[in-house]
């Protein structure tokens with residue numbers, strides 16, 4: 001590979017990471033605004049025009065604060081787990097097929113499953129290394145929840161893969177020219193949406209951050225930069241899950257205004273759910289994951305396998 005190609009790929013990755021970070025910044029602003037209007041208040045509106053610079057002032061405040069750490073914490077692991085979490089959440093974005101330097105993963109979906117399952121370790125280690133009971137409980141809950149959901153998440157993905165018989169995300173747009181998979185897989189797509197809510201620790205399933213019993217969950221001992229990195233990783237994965245929903249069920253990857261509107265709408269749904277629904281009870285969540293989503297995804301998997309064989 002020539003040096004120019006390598007430079008182009010590197011430049012493309014830098015642009016991608018900057019784009020994701022800016023997207024995450026404005027997603028936090030959107031969340032605060034939408035939650036404000038749901039709760040009949042304004043949300044941030046002082047910094048800049050209608051609060052548009054609020055995320056940047058928050059970032060400056062967080063990264064310039066003093067970094068504290070617990071005396072009895074396992075320091076190295078405690079310090080690096082938010083960094084690893086953030087790097088993993090940015091790495092997943094590499095599988096998005098973008099046109100300007102022609103990177104296209106043939107095994108993109110496998111890469112996604114590997115990265116998301118690694119994300120569990122960072123949460124577990126962040127909870128354990130703080131050496132605080134609350135954060136350990138938060139980490140354990142988060143791990144149990146994420147593992148439960150990843151099983152059904154992978155099985156739901158399998159149904160989509162069987163429909164197109166390929167791991168490449170570009171292929172999804174070819175197969176959805178005539179009809180979106182959302183209409184062919186309506187119940188499954190809703191299962192995927194709620195599973196991705198649980199996967200990203202969002203509100204009906206945010207037991208890792210149950211304020212009523214755990215103060216703040218696995219990130220309770222983190223301050224300034226470490227907290228900011230955990231926060232960025234979470235919102236980056238929300239944005240990515242919204243993007244994946246659009247790729248899998250709403251017409252695939254296509255660089256036009258409609259694609260970005262669909263992406264914004266799914267991100268908005270994540271926030272809307274937070275503003276509307278109360279938190280589940282923990283045993284109810286486990287019941288939902290193992291006794292409802294798992295059988296549903298397995299049944300649909302068999303159905304689509306039969307359909308594929310019948311059509312062939």
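Laboratory data are not the source of any read-out in this text; all were calculated from the coordinates shown. As the structure is a prediction and not an experimental result, all values here were calculated from the model. Heads up, the Cβs are rebuilt from the backbone with ideal geometry, glycines too, and the neighbour counts pull from every protein chain shown.
What do you get for Rg/Rh of the range 106-263 when both radii come from the Cα atoms and Rh is the Kirkwood radius?
Result for the range 106-263 is an Rg/Rh of 1.03.
Viscosity 1.002 mPa s, temperature 20 °C: give me the Stokes-Einstein translational D for the chain in µm²/s, with Rh taken as the Kirkwood radius over C-alpha pairs.
It comes out at roughly 104 µm²/s.
Roughly what % of Cα-Cα distances in the range 195-312 sit above 21 Å, to the whole percent?
Result for the distance tail: 55 percent.
How far, in degrees from 0 to 90, does helix 108-129 lean away from the longest principal axis of the Cα atoms of the chain, to the nearest 10?
20
Dividing the convex hull volume of the alpha carbon atoms of the range 1-137 by its residue count, what do you get in Å³ per residue?
192
Compute the orientation-averaged projected area for the range 126-178 from the convex hull of its Cα atoms and round it to one decimal in nm².
Projected over every direction and averaged, the Cα hull of the range 126-178 covers 5.2 nm².
How tilted is helix 54-64 with respect to the longest principal axis of the chain? Cα atoms for both, answer in degrees (0 to 90, nearest 10).
The helix 54-64 is inclined about 60 degrees to the chain.
Over the range 84-183, what portion of Cα pair distances is larger than 25 Å, expressed as a whole percent?
When all Cα pairs of the range 84-183 are counted, 34 percent exceed 25 Å.
Taking other Cβ within 10 Å of each residue's Cβ, how do 259, 268 sort, fewest first?
Listed from fewest to most nearby Cβ atoms, that is 268, 259.
How do 166, 254 line up, fewest other C-beta atoms within 10 Å first?
Going from least to most buried by this count: 254, 166.
Treat the count of other C-beta atoms within 10 Å as a stand-in for reagent exposure and order 240, 49, 303 from fewest to most.
Going from least to most buried by this count: 49, 303, 240.
Let me have the relative contact order for the chain, percent, based on Cα pairs under 8 Å that are six or more residues apart.
Across the chain, relative contact order equals 24 percent.
Helix 75-91 versus the longest principal axis of the chain: what angle, 0 to 90°, nearest 10, using Cα atoms?
Helix 75-91 sits roughly 30 degrees off the main axis of the chain.
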